[in-house]
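Student: So that we are looking at the same thing, I have put the structure below in structure tokens.
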Amino acid sequence: MKHYLEPQPIHIRATLAKVAYVILMIVTSLSFMALYVSPETFVLFQWIGVVLPVLLICNLIFLIIGIYKRSWYSICPIIALLANFHYYPHKFQMNRPEDGNLAKIKFATYNVREFKMNYNISSMEHIADYFSTNQVNTICLQEIPADCTEADLKRVFKNMPYVLTTGGDGKHFQLAILSKYPLDSISTISFPERPNCALFADVMVNNEKVRVVNCHLQTTNWNQVKGTLLYEEHTRGSWTDALGIISSNFRFRGKQVDSLRSILDRSPYPLIVSGDFNNTPVSYGYKTIKGALKDAYQEAGNGYGYTYRYFMKLYRIDFVLYSGSKLQAKNYRTGSVDYSDHLPVLVDIDMN
């Protein structure tokens, strides 16, 4: 009897490990909420969507440790990994590439980072040659320098007779659409809260119109805040300010995509919506813009999908979406070039 009344030792380390398993499972499993909850309502889910690749890697490590120790808590990372089935098709595809030579629209989108390579060497001529070599006939560019004019683009992109920009008036981060096909019904959609915008143009292809939309949504401002976090004294205030800035930008993007979605819904023509969304596929912004559109990577991509060259190549934030009822992606690929911090996205699109 005395044996049963003796106090039992508390295994603090084992208890904390079990708590960590459960908390990681719950947080990771809630990633789908980032698709449905506006950041204006609750921004935390957008953070979960952004760090989801890291959370999944942590769950995989926990799973290996749990199996090695033969712990029944291994069920926690298994649940978390299975709960994110919606994410994996956005990162891995095994579509068989089709011959795109006959595709009517050989499309590309590219954030060119003001045409600046390392050491501020101009990349404009390199990018023009790259697209010419790949026989691209319609291009959406983001982050065009403010002093770059339509005449400058026509001079360098010699195979693109039709060029339009949002104008380098300083009010917007300049965008451009270039095409071998005629462009009309041109309009710029401003987002009052930020200098980001979207550029609309109707492209005439074989006597049929397709509405091309070039978007550049609110950035995260990571490049602006990382210097404070990484190279200055790590104070609580600097981290708090940085997280606050990035959270505010989630909210700005939420407003922008809500506004853009209402405009896209009124389009009388099939849509190709592309650009730098600064959102991952697990985000309110991506889901809102996508709506019923098709994602070219999911429909025609092959292999691992990413478009941002840094952050260990974890993120696909540049997209080509299109109206599946009238258009069909035949081939999707990204360019292995280092002219920007983004990769160019090339899609061969045929008309049904």
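The values are calculated or read from the model by the stated rules, or taken from the named source; none is laboratory data. Predicted, not measured: the structure shown is a model, and the values here were computed from it. Cβ coordinates were reconstructed from backbone atoms using ideal geometry, including for glycine residues, and neighbour counts include every protein chain displayed.
Student: Within region 280-291, identify whether any single residue is part of a helix (DSSP H, G or I), small (Gly, Ala, Ser) and either in contact (Cβ under 8 Å) with a residue 60 or more places away in the chain or farther than 24 Å from residue 29 by Cβ (or both), and answer yes or no.
Tutor: yes
Student: Please pick out the residue among 20, 34 that is over 20 Å from residue 313 (Cβ atoms), buried (at least 22 other Cβ atoms within 10 Å of the Cβ) and aliphatic (A, V, I, L, M).
Tutor: Going through 20, 34 in turn, the sole match is 34.
Student: Within region 115-159, which residues are free of Cβ contacts under 8 Å to residues at least 24 places away in the same chain, of a type in the set (S, T, N, Q) and surrounded by 13 or more Cβ atoms within 10 Å (Cβ to Cβ)?
Tutor: Correct list: 122, 149.
Student: Looking at region 78-89, can you tell me whether even one residue there is surrounded by 16 or more Cβ atoms within 10 Å (Cβ to Cβ), closer than 30 Å to residue 178 by Cβ, aliphatic (A, V, I, L, M) and under 24 Å from the mean Cα position of the chain (by Cα)?
Tutor: Checking region 78-89: not a single residue is surrounded by 16 or more Cβ atoms within 10 Å (Cβ to Cβ), closer than 30 Å to residue 178 by Cβ, aliphatic (A, V, I, L, M) and under 24 Å from the mean Cα position of the chain (by Cα).
Student: Please go through region 320-343 and pick out each residue that is touching a helix residue (DSSP H, G or I) at 6+ places or on another chain (Cβ under 7 Å), within 21 Å of residue 200 (Cβ to Cβ) and in contact (Cβ under 8 Å) with a residue 40 or more places away in the chain.
Tutor: The answer is 320, 321, 322.
Student: Can you confirm whether region 167-178 contains a residue that is at pLDDT 95 or above and of a type in the set (Val, Ile, Thr)?
Tutor: Scanning region 167-178, I find at least one residue that is at pLDDT 95 or above and of a type in the set (Val, Ile, Thr), so the answer is yes.
Student: Here is a check on your reading of the model: is residue 258 within 21 Å of residue 140 (Cα to Cα) and either part of a helix (DSSP H, G or I) or touching a residue at least 60 places away in the same chain (Cβ under 8 Å) (or both)?
Tutor: On the way: within 21 Å of residue 140 (Cα to Cα): no; either part of a helix (DSSP H, G or I) or touching a residue at least 60 places away in the same chain (Cβ under 8 Å) (or both): yes.
For residue 258, the condition - within 21 Å of residue 140 (Cα to Cα) and either part of a helix (DSSP H, G or I) or touching a residue at least 60 places away in the same chain (Cβ under 8 Å) (or both) - is not met.
Student: Right, another one. Within region 275-295, how many residues turn out to be under 14 Å from residue 90 (Cβ atoms) and not aliphatic (A, V, I, L, M)?
Tutor: 11
Student: Quick check: anything in region 155-172 closer than 30 Å to residue 244 by Cα, assigned by TED's automatic domain parsing to the domain that holds residue 289 and of a type in the set (A, V, I, L, M, F, W, C)?
Tutor: Looking through region 155-172, none of the residues is closer than 30 Å to residue 244 by Cα, assigned by TED's automatic domain parsing to the domain that holds residue 289 and of a type in the set (A, V, I, L, M, F, W, C).
Student: Filter region 128-156 down to residues that are closer than 21 Å to residue 213 by Cβ and part of a helix (DSSP H, G or I), then give me how many there are. Quick ask: steps written out before the conclusion?
Tutor: Going through region 128-156, the residues closer than 21 Å to residue 213 by Cβ turn out to be 131, 136-144, 148, 150, 153.
Retained after the next criterion (residues that are part of a helix (DSSP H, G or I)): 131, 150, 153.
Number satisfying all stated conditions: 3.
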